[in-house]
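Structure first, then comments.
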Amino acid sequence: MYAQMIKSEATQDDPEKLAAFQARIDRGEKIEPKDWMPEGYRKTLIRQIGQHAHSEIVGQLPEGNWVTRAPTLERKAILLAKVQDEAGHGLYLYCAAETLGVSRDEMTEMLLDGRMKYSSIFNYPTLTWADMGAVGWLVDGAAIMNQVPLQRTSYGPYARAMVRICKEESFHQRQGFDVMMKMCRGTDAQKRMAQDALNRFWFPSLMMFGPSDKDSKHSAQSMAWKIKMNTNDELRQKFVDQTVPQAEYLGLTVPDPDLRWNEETGHYDFTEPDWSEFMDVLQGNGPCNRDRLEARNKAWDDGAWVREGLMAHAEKRRAARVAAE
Amino acid sequence: MTRDAALFEFLCRMGDSTLVLGHRLSEWCGTAPALEEDIATANTALDLIGQTQMWLGLAAEVEGAGRSADDLAMRRDAWDFRNLLLVEQPNGDFGRTLMRSFLFDVWHRRMLERLTASSDPRVAAIAAKAVKEVAYHADRSAELVVALGDGTEESHRRMQDALDRLWPYTGEMTSDDEVDREMAEARIAPLPSELRPGWEEAVRATLTQATLTVPESAFAHRGGKNGARHSEHLGHMLTTMQWLQRAYPEATW
């Protein structure tokens, strides 16, 4: 899941219709594109699915950064397959969003001019090969925490897209962990890379779930609509509980001196990420925000002649077919 | 040259060409003109890297010197690479990347079709698997060359520029040397020159549909497939590709 701080839209619809809509959701029915839905539901979903789609697209860049430097043919093939899957996820998600009445081109433009966001995590750089492990293990791991429950989300096309995405994401996470295993069982330099990757990606991964529940203003409506299935803090805790034993297994140290198992709660106690850093990243001041948006804008601008050429050719063909009929 | 030495050379030619083109295509990762093109380009790169594993894996086996496919890919310097000059040419704009793929794909498909009947069953098996993937590469690149050649004024101009720039690198694909003659004699592979008429016919048919003009010059740059004179570009590509293996020679990944 790559959606953070999704603002829920207020809804001004007819109270009777709203109640009937809520009853459908409460009964566990799926809402389909042609069904009536509150304007706020539609807009919130566009924002959430759009942010997720954009994250998949921008998320290609930090991994693409290592595709050309992958250390073996097999690692190169696995990484290429993964990045290709991500572009595919972007495609299903844009299609799901299109059923809500917004085109892919419109969403792309909103990404490129900064009106729509993508996950904060992709504004961090990938500096060593171990980062390809850490991204799969931690970033895909955190994503899965949220995406698995979203397979039961109320909006049909979104839920169905999520089923496919989840299968591939859990494969990615295993691949990431496998890279980490190799590094942690490797030379001293490889171990150092692995620890450094965990040090850099730990807190940014925790930020992926969004702000603490007490500061999360938009959750209640989204949860009632079953667009959001769990609170930010629930998921973050679940992620920490799952990940800490994996780090121990790898022989790595989680960069949190206050991390400890709490017998009473049955969960780990841990330090919250620095939320001021999170807000800085959201406001465009992460280490790579400008690089990422520049890269996407350049790809879009450089590709304009190709898209125009393909459209022009398709139009010529169509005209020729009409003339022949 | 012994037959095995010639076979090793031949397998490196196949595997290095797929490796270098696969690498070049992977350089587009995340920056293609449209999402569908990102997916298709990554997918093609992935196919080519997979084929590289098979070709260089067999090359290493034939060589019998204890090297692996990865050793061949990551630990040889440019002069030991045996790829065609065409595929090491830089990506340029998307049009040049596409034209490079198209010119290669048409050759690659024909070569693999012939190799499915190789007297060496290992070669035939690799070709049988690869030809299915490459048939799709060739269809896709031809379709896009037609669409962009016959698209807008700008797309036409860019595709013509790409064709003019890359045409001198096509002759090498269908030129014969001692290795090729040895392979043909053993019925392991066809003589590249035998592929020329079919290649040219297919390429001209697509380029005509694309409203592009085939350059008249028959001049051909050579030196890739025998390693005698690569372009300056290959060394930079290898610097990137081989970085980790060179910097951390003791590591396994």
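The values are calculated or read from the model by the stated rules, or taken from the named source; none is laboratory data. In this text the structure is predicted, and so the values were computed from the model without any measurement. Counting neighbours? That spans all protein chains shown, and the Cβs are built from the backbone with ideal geometry, glycine included. The area values use the complete protein model at the heavy-atom level, side chains included, leaving out ligands, DNA and RNA. Shrake-Rupley method; radii C 1.70, N 1.55, O 1.52, S 1.80 Å.
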Only Lys, Arg (+1) and Asp, Glu (-1) charged, at Cβ; chain B dipole about Cα centre in debye: 240 debye
Could you tell me which residue out of B:His23, B:Ala210, B:Val62 lies farthest along the dipole of the range B:3-247 toward its positive end? Charges go on the beta carbon: Lys and Arg +1, Asp and Glu -1, centred on the Cα centre. B:Val62
Note to self: with every protein chain in place and a 1.4 Å probe, the range B:3-247 gives an accessible area per residue in Å² of 38 Å²
Projecting each Cα onto the charge dipole of the protein assembly as shown (Lys/Arg +1, Asp/Glu -1 at the beta carbon, about the Cα centre), which of A:Ile78, A:Tyr268, A:Asn123 comes out farthest on the positive side? A:Ile78
Measuring from centroid to centroid over Cα atoms, what is the spacing of the range A:271-312 and the range A:145-179 in Å? 23 Å
Give me the dipole magnitude in Debye, nearest 20, for the range A:19-63 about the Cα centre, with unit charges on the beta carbon: positive for Lys and Arg, negative for Asp and Glu. 200 debye
Cα-based Kirkwood hydrodynamic radius, the range B:141-253, one decimal, Å: 17.0 Å
Taking the square root of 5 times each eigenvalue of the Cα gyration tensor, what semi-axes in Å does the equivalent ellipsoid of the range B:30-133 have, largest first? 26, 18, 13
Restricting to lysines and to Cα separations under 19 Å from A:Lys167, and discarding same-chain partners fewer than 8 apart, the set is A:Lys82
Output the Cα-based Rg and Dmax of the range A:1-54 in Å, rounding Rg to one decimal and Dmax to a whole number. 12.1, 35
Any residue on another chain or 5+ positions along whose placed amide H is under 5 Å from the amide H of A:Ile31 is listed here as A:Tyr155, A:Gly156
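So how do A:43-52, A:73-82 stack up, highest first, on mean other-Cβ count within 10 Å?
The peptides rank, most packed first, as A:43-52, A:73-82.
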Contact order relative to length for the range B:162-228, counting C-alpha pairs under 8 Å separated by 6 or more residues, stands in percent at 47 percent
What list of whole percents do you get for P(r) of the range A:16-162, with Cα-Cα distances grouped in 5 Å bins up to the one holding the largest distance? 2, 9, 17, 19, 17, 14, 10, 6, 3, 2, 1, 0, 0
Those lysines that a straight Cα-Cα span of less than 24 Å connects to A:Lys7, excepting residues fewer than 8 apart in one chain: A:Lys17, A:Lys30, A:Lys34, A:Lys43, A:Lys117, A:Lys214, A:Lys217, A:Lys226, A:Lys228, A:Lys238
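Working from the pairwise distances between different alpha carbons, so that the mean of 1/r is found and then inverted, what is the range B:3-247's Kirkwood radius in Å?
The Cα-based Kirkwood calculation yields 18.1 Å.
Taking a cut-off of 23 Å, what percent of all Cα-Cα pairs in the range A:216-325 are separated by more than that?
Tail of the P(r) past 23 Å holds 64 percent of the pairs.
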From the mean inverse distance of alpha carbon pairs (Kirkwood) and the Cα radius of gyration, derive Rg over Rh for the protein assembly as shown. 1.02
Give me, ordered by chain and number, the residues 5 or more places off A:His267 or on other chains with an amide H under 5 Å from its own placed amide H. A:Asn262
Taking +1 at the Cβ of each Lys and Arg and -1 at the Cβ of each Asp and Glu, which of B:Ile188, B:Leu85, B:Cys12 sits farthest along the dipole of chain B towards its positive end, judged by Cα position relative to the Cα centre? B:Ile188
How large a share of the accessible area of the range B:3-247, in percent, is made up of carbon and sulfur atoms when the probe is 1.4 Å and the other protein chains stay in place? 50 percent
Around A:Asp258, under 12 Å between beta carbons, what's the net of Lys plus Arg minus Asp minus Glu among the other residues? -2
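Magnitude of the Cβ-charge dipole of the protein assembly as shown, K/R +1 and D/E -1, about the Cα centre, nearest 20 debye?
About 640 debye.
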Residue-by-residue Karplus 3J(HN,Hα) for the range A:239-245, coefficients 6.51, -1.76, 1.60, Hz, glycine and proline x: 5, 4, 4, 6, 7, 4, x
By the mean-Cβ-within-10 Å protection proxy, highest first, B:139-148, A:94-103, A:268-277 rank as B:139-148, A:94-103, A:268-277
Where the convex hull is taken over the Cα atoms of chain A, what is its projected area averaged over directions, in nm²? 20.6 nm²
Normalised alpha carbon radius of gyration of the range A:137-181 [divisor 2.2 N^0.38 Å]: 1.22
Given springs between every Cα pair under 10 Å in a Gaussian network model of chain A, which of A:Gly133, A:Gly40, A:Gly266 has the largest fluctuation? A:Gly266
Taking the alpha-carbon centre of each part, the distance from the range B:41-108 to the range B:226-251 in Å is 13 Å
Over all pairs of different Cα atoms in the range A:76-224, the reciprocal of the mean inverse distance gives a Kirkwood radius in Å of 17.0 Å
Computed on protein heavy atoms with a 1.4 Å probe, what is the summed buried accessible area for the chain pair A and B, in Å² to the nearest 100? 4000 Å²
For a quick check, take a GNM of chain B with Cα springs below 10 Å and name the residue from B:Thr208, B:Thr116, B:Thr18 with the largest mean-square fluctuation. B:Thr208
